[in-house]
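S.K.: Below is a structure I'd like to ask you about.
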Amino acid sequence: MRRRLAAARRARGLARRLAAASGARVRLRAGPTGYLLSLPVPRDSERLAAVLPLLALADRFGHTTRGGGVVWCAVDRTPPGGAGGEPAGARGSRRPGRRSRRAGAR
């Protein structure tokens with residue numbers, strides 16, 4: 001429950017900052033895995049320069065050219081990797097009890 005509240009608080013805060021930086025309305029949608037924020041691509045280069053670093057504060061971000069151009073970012077309810085620890089996929093292919101080989105060894 002705390003993660004859900006923390007993610008919602010983070011998404012709302014990010015939406016406020018994006019709206020202030022872009023001067024546009026930010027669309028905030030809740031989904032089963034988190035929150036999706038989207039807004040039109042700012043036409044003014046100064047506003048765009050203010051928006052881009054804010055997008056990097058989210059867990060994922062991107063853009064699309066549909067509908068005149070939209071930038072989006074997502075705030076996940078759970079951190080990458082589930083309940084904590086290493087991010088998903090960071091462990092590689094090592095299994096417990098196996099030793100790694102030296103580079104170039106067969």
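Any read-out appearing in this document is the output of simple, stated calculations on the displayed coordinates, not a laboratory observation. Not measured: the values here are computed from a predicted model. Methodologically, a virtual Cβ is constructed for each residue, glycine included, from the backbone with ideal geometry; neighbour enumeration extends over all protein chains shown.
S.K.: Mind counting the residues in segment 53-63 that are outside any helix (DSSP H, G or I) and aliphatic (A, V, I, L, M)? Spell out how you get there, then give the answer.
M.R.: Going through segment 53-63, the residues outside any helix (DSSP H, G or I) turn out to be 56-63.
With the extra rule that they be aliphatic (A, V, I, L, M), the set shrinks to 56-58.
Matching residues across segment 53-63 total 3.
S.K.: If a residue has to be of a type in the set (G, A, S), closer than 19 Å to T64 by Cα and not in a helix (DSSP H, G or I) to count, how many in segment 24-52 make the cut? Walk me through how you get there before you give the answer.
M.R.: Residues of segment 24-52 that are of a type in the set (G, A, S), as a first pass: 24, 30-31, 34, 38, 45, 49-50.
Okay, now just the ones that are also closer than 19 Å to T64 by Cα, so 24, 38, 45, 49-50.
Add one more test, that the residue is not in a helix (DSSP H, G or I), and what stays is 24, 38.
Counting residues in segment 24-52 that are of a type in the set (G, A, S), closer than 19 Å to T64 by Cα and not in a helix (DSSP H, G or I) gives 2.
S.K.: So, one more: For residues in segment 53-80 being aliphatic (A, V, I, L, M), over 8 Å from the mean Cα position of the chain (by Cα) and within 17 Å of R16 (Cβ to Cβ), which is surrounded by the fewest Cβ atoms within 10 Å (Cβ to Cβ)? Quick ask: steps written out before the conclusion?
M.R.: Taking segment 53-80 as the starting set, the residues that turn out to be aliphatic (A, V, I, L, M) are 54-58, 70-71, 74-75.
Next, from what is left, pick out any that are over 8 Å from the mean Cα position of the chain (by Cα): 54, 70-71.
Add one more test, that the residue is within 17 Å of R16 (Cβ to Cβ), and what stays is 54, 71.
Numbers: L54: 19, V71: 23.
Out of the qualifying residues, it is L54.
S.K.: Only one residue in A15, A11 is in contact (Cβ under 8 Å) with a residue 40 or more places away in the chain and within 14 Å of the chain's Cα centre (by Cα), so which one is that? So that I can check it myself, show each step before the final result.
M.R.: Values: A15 fails: in contact (Cβ under 8 Å) with a residue 40 or more places away in the chain.
After applying the criteria, what remains is A11.
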